[in-house]
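Note sheet for the following structure.
The values are calculated or read from the model by the stated rules, or taken from the named source; none is laboratory data. Small disclaimer: the values here were computed from a predicted structure and weren't measured. We place every Cβ from the backbone using ideal geometry, glycine too, and count neighbours over all the protein chains shown.
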Amino acid sequence: MKKLLVFFLIIIISLLSSCRKRPVKGPEDALVLLKWCGIPNFVDDMDKNSLTKAVNKSLDYLMRVPQDNVYVYGPDRYTTAEIVESMETFLNILKDSPDNKSLNKAIRSQFNIYRSAGLDRKVQSSLQDTMNRSLKGV
């Protein structure tokens, strides 16, 4: 019985430590790709029209940016063209999902989901500088 308890304790500690936050040292560390732990339930308390408008505004901006610009999302890199395609896919999912349950299922199956790793002042400043330079180029 004692060995079984120790075994389960080791399993629980291993699972919890795999979900813990890592220190943020640069842009690659600012977002963490979620696997199974910590994936939120996506619910919008407003109507779909407001979300659709917001996504369309983002698409308007992205269409003015060079399509080969590269953005860092945690360990991954995506071009503007890939982000545009992703947002268009999201708009289709939003339009075709009759309820939150089907919306969540579609998001989880078709997208990588990231969470913020938390920002310290140094990384926050670095990200702000990057955003400012990016906006000046448009």
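Odds and ends about this structure:
- One residue stands out in the stretch 66-94 among those that are within 19 Å of Arg108 (Cα to Cα), touching a residue at least 12 places away in the same chain (Cβ under 8 Å) and not hydrophobic (A, V, I, L, M, F, W, C): the one that is surrounded by the most Cβ atoms within 10 Å (Cβ to Cβ), namely Gly74.
- Residue among Val72, Val84 that alone is under 17 Å from Ala117 (Cα atoms) and at pLDDT 80 or above: Val72
- Taking (1) over 19 Å from Arg115 (Cα atoms); (2) at pLDDT 90 or above; (3) outside any helix (DSSP H, G or I) in turn, Ser58 satisfies each apart from (3).
- Filter result (at pLDDT 70 or above and either assigned to a loop (DSSP other than H, G, I, E, B) or more than 14 Å from the chain's Cα centre (by Cα) (or both)) within the stretch 17-42: Lys25, Gly26, Leu34, Lys35, Gly38, Ile39, Pro40, Asn41, Phe42
- Subset of the stretch 53-100 [within 18 Å of the chain's Cα centre (by Cα) and among the β-branched types (Val, Ile, Thr)]: Val55, Val70, Val72, Thr79, Thr80, Ile83, Val84, Thr89, Ile93
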